[in-house]
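Q: Questions regarding the structure given below will be posed in turn.
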């Protein structure tokens, strides 16, 4: 019971950090309409990008996990303070309109709540001892026990002379170690319950936001617009609620171990689950946005943060580049948007850099020593 | 994907991977493809569809599908490139690029919401749900939850025996001379050096656990080292999903011999061989189910029964009590 109580603060803190950081970034950008879900989503990507940059520095410099934890504690405090300063006005506006917004969801609000609660409940209750959980949760528990980052094999405990690039460059598992270190809770509770719950919550937000993008202007030509409550915004919101339900149902009936749905419900503590259920839907939303002719600079900036966070999550982030190359690049080429084409590659830079470093380590051109 | 390799399937590799990837969830693909085709036919016939807000989504889906078919899912380059990058076992992740779930969900939502009467939409939703229930099996994880085989028994979400076994191993190990000597050596060591890291790793009690517990042990307690690493143990249990072979690996052969010996799976294993392998692999503790333990061989090989806990025997090898 004591452990469960201690697990509540990190469970609340993580989404709060995402919201605060997202609010700060949106305030800096100024041009965007503030939405709580968009801010939390953007904050999540920026937060993990920041964590990746910091953790990689600490890992490659052979610094200790405790040092990283202390550094992250300071970063978290700054994020919270900056978030409150920069976001309080926008939050207040959002809260005053909350009733109106919730009303516009109608019955859809109950669908969203039920789907989110069911998803969180599934990942909280599910347990397994698979080989992959051995590796990823083992990475966190080994880091915490040895007070090192990536220098011991998580599955056997043996010392590693060199970092395994495929795993060492994606620092997401160490986040659980950092949180467990800061809040003095067992790594397994943090990784398998707290992180899983937060991940599935963010994945649901991503699907909802994707729904909002897909159904923008939905019902405009349906002749249903009779009042403000029944306007296009309301209809797209309700369609997004149903879209979330449809995705949940399809995930519930994902019958093979390879489909994203199974990663979401059974391997939610892994970065791969976030690539398939958080990053890829967001990149798909960017592809649709680009096809509709919104080649704002913001699109490429968002792509950059998604790719950066993707690198933190897993080596499978390379598929983010594949999706962007399939869904955005041809549109830019066909429409001769040469300037935007120049922005596309910096947008995918984190993934391309990761791929370059990985290729060099695999071919002996780069040696990432894990010992002095 | 276990068993689906380029060498076995050649140009059919991509198709076979897709088939295995979808399994009995093929209706998702069918829904997405039907929606895309219908939208394409309507768009060719009617200008109003092309001007609609829904058409760009179908266009993106077509674009992604065509680009993938020409590049990452083109069987000709895939046959050459995938094995070179060692991606045979994880090639299925390429299919994540196509937003299958989102695509199918998008067309289903369109179907439900674009009806003039609400009741028609509700009826269609009911039909889709019934089709899902009857055509597609439940997510295996959710199915395990419903059948209560995956429900956690403790806050750590590990087998209930793991915490007790780990404590018993530590308790016994900390009373040995080897532990005291290792701690003394470790006191002044620099863990950032190769020697220091090796020293630290060798100061942990090295164990072999039953397969059921092996993968949970280091998640729960990283203070216990294992003789097998993950891929090696998977290979021993007949899982070839990693694509690695340990047939010629000496450490693997020694660990496999210990496992066969402790479970009595091979009568030809002598005490001498067992002892040699335990020494070579540096194994300190063997944890084995009480009813499956090959007691005679273990005791003759110099293993001492430390304790019995939660239906498991803990044997110690080569350590002396302080």
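Any read-out appearing in this document is the output of simple, stated calculations on the displayed coordinates, not a laboratory observation. Being a predicted model, the structure only gives us computed values, none of them experimental. So basically every Cβ, Gly included, is an ideal-geometry build from the backbone, and we count neighbours across all protein chains shown.
Q: So if I take the alpha carbon set of chain A, get Rg, then get Rh from the Kirkwood formula, what is the Rg over Rh ratio?
A: 0.97
Q: Additional query: Quick check: residue separation of residue B:147 and residue B:299 times 0.36 nm, minus the Cα distance between them. What number comes out in nm?
A: So the extension gain works out to 50.7 nm.
Q: Determine, from the Cβ-Cβ distance of residue A:363 and residue A:107 and an R0 of 51 Å, the FRET efficiency 1/(1 + (r/R0)^6), rounded to the nearest 0.05.
A: Taking R0 as 51 Å, the efficiency between residue A:363 and residue A:107 is 0.35.
Q: In percent, how large is the relative contact order of chain A, given Cα pairs closer than 8 Å and 6 or more residues apart?
A: Rounded, it is 20 percent for chain A.
Q: What ranking do B:211-222, A:336-347 get when scored by the average of other Cβ atoms within 10 Å per residue, highest first?
A: Values: B:211-222: 23.2, A:336-347: 14.9.
Per-residue Cβ counts within 10 Å, averaged per peptide and sorted highest first, yield B:211-222, A:336-347.
Q: I've got another one for you. For A:172, B:134, A:58, what ranking results if the residue with the fewest other Cβ atoms within 10 Å of its Cβ goes first?
A: Working: A:172 27, B:134 7, A:58 22.
Ordered by Cβ neighbours within 10 Å, fewest first: B:134, A:58, A:172.
Q: Also: Rounded if a/c is under 1.5, else prolate if a/b beats b/c, else oblate: with a ≥ b ≥ c from the C-alpha gyration tensor eigenvalues square-rooted, which is region A:1-127?
A: Cα axes put region A:1-127 in the oblate bin.
Q: Give the separation of the Cα centroids, region B:16-54 to region A:90-151, in Å.
A: 31 Å
Q: As an exercise, use a Förster radius of 35 Å and the Cβ-Cβ distance of residue B:253 and residue B:15 to find the FRET efficiency, rounded to the nearest 0.05.
A: 0.40
Q: Report the Cα centroid-to-centroid distance between region B:183-205 and region B:165-179 in angstrom, as an integer.
A: Spelled out, the Cα-based centre of one part sits 18 Å from the other.
Q: Other chains near B:207-216: what is the mean number of their Cβ atoms within 10 Å of each residue's Cβ? Working shown, then result.
A: Working: counts 1, 0, 0, 0, 1, 1, 1, 4, 11, 9.
Counting Cβ atoms of other protein chains within 10 Å of each residue's Cβ and averaging gives 3.
Q: Here's another thing I want to ask about it. Quick one: plug the Kirkwood hydrodynamic radius of region B:6-114 (C-alpha pairs) into Stokes-Einstein at 25 °C, 0.890 mPa s, and report D in µm²/s.
A: Here the translational diffusion coefficient equals 161 µm²/s.
Q: Only Cα pairs under 8 Å and at least 6 apart count here; give the relative contact order of chain B as a rounded whole percent.
A: Averaging sequence separation for qualifying contacts and normalising by length gives 15 percent for chain B.
Q: Report, to the nearest 10°, how far helix A:196-214 tilts away from the longest principal axis of the Cα atoms in chain A, using its own Cα long axis and a range of 0 to 90°.
A: Tilt of helix A:196-214: around 30 degrees.
Q: Rounded, prolate or oblate, given the Cα gyration tensor of region A:57-105, with a/c below 1.5 counting as rounded?
A: In terms of gyration-tensor shape, prolate.
Q: What is the gain in length, in nm to one decimal, between residue B:174 and residue B:46 on full extension, counting 0.36 nm per residue of separation less the C-alpha to C-alpha distance? All intermediate terms of the calculation are to be shown ahead of the outcome.
A: Numbers: separation 128, 0.36 × 128 = 46.08 nm, distance 7.92 nm.
Stretched out fully, the residue B:174 to residue B:46 stretch lengthens by 38.2 nm.
Q: Kindly state, as a whole number, the per residue volume in cubic angstrom of the convex hull around the alpha carbon atoms of chain B.
A: 213 Å³
Q: Next question, about the same structure. Please report, to two decimal places, log10 I(q)/I(0) for region B:213-272 at q = 0.12, 0.20, 0.27 Å⁻¹ as given by the Debye formula with identical point scatterers on the Cα atoms and no solvent.
A: Log10 I(q)/I(0), no solvent term: -0.34, -0.86, -1.17.
Q: Sorted by average packing, counted as other Cβ atoms within 10 angstrom per residue and highest first, what order do A:314-320, B:80-86, B:172-178, A:119-125 take?
A: Sorting A:314-320, B:80-86, B:172-178, A:119-125 by mean packing, highest first, produces A:314-320, A:119-125, B:172-178, B:80-86.
Q: Rounded to whole Å, give me the distance from the Cα center of region A:299-372 to that of region B:217-241.
A: If we compute the Cα centre of each part, the gap is 33 Å.
Q: Label points 7 Å out from Cα along the Cβ direction at residue A:337 and residue B:85: separation in nm?
A: My value for the distance between the label points is 2.5 nm.
Q: Pairing the Cα long axis of helix B:271-281 with the longest principal axis of chain B, what angle in degrees results, from 0 to 90 and rounded to the nearest 10?
A: In chain B, helix B:271-281 runs at an angle near 60 degrees to the longest axis.
Q: Considering only DSSP beta bridges with both partners in the protein assembly as shown, what is the antiparallel share in %, to the nearest 5?
A: Bridges in the protein assembly as shown that DSSP calls antiparallel: roughly 80 percent.
Q: If you count, for every residue in B:145-152, the Cβ atoms of partner chains within 10 Å of its Cβ, what is the mean?
A: Per residue, the average neighbour count from other chains is 3.
Q: Report, as a whole number in µm² per second, the diffusion coefficient that Stokes-Einstein gives for region B:161-317 at 25 °C and 0.890 mPa s using the Kirkwood radius over alpha carbon pairs.
A: Stokes-Einstein gives a translational diffusion coefficient of 151 µm²/s.
Q: Express as a percent, rounded to the nearest 5, the fraction of DSSP beta bridges in chain B (both residues included) that run antiparallel.
A: 75 percent
Q: Shape call for the protein assembly as shown from the C-alpha gyration tensor, a ≥ b ≥ c root eigenvalues: rounded (a/c under 1.5), prolate (a/b greater than b/c) or oblate?
A: Cα axes put the protein assembly as shown in the prolate bin.
Q: With axes computed from alpha carbons, what is the tilt in degrees of helix A:318-327 against the longest principal axis of chain A, rounded to the nearest 10 within 0 to 90?
A: Between helix and principal axis, roughly 30 degrees.
Q: Next up: Grab the Cα-Cα distance for residue B:245 and residue B:26, subtract it from 0.36 nm times how many residues apart they are, and report the gain in nm with one decimal.
A: Numbers: separation 219, 0.36 × 219 = 78.84 nm, distance 3.23 nm.
Additional length available on full extension: 75.6 nm.
Q: Please give, to one decimal in nm, the separation of the simple spin-label points placed at residue B:192 and residue A:70, each 7 Å out from Cα toward the Cβ.
A: With each label point 7 Å from Cα toward Cβ, the separation is 1.4 nm.
Q: Still on this structure: Mind giving me the nanometre distance, one decimal, between the label points for residue A:89 and residue A:296, set 7 Å out from Cα along Cα→Cβ?
A: Using points 7 Å along Cα→Cβ, the separation is 1.9 nm.
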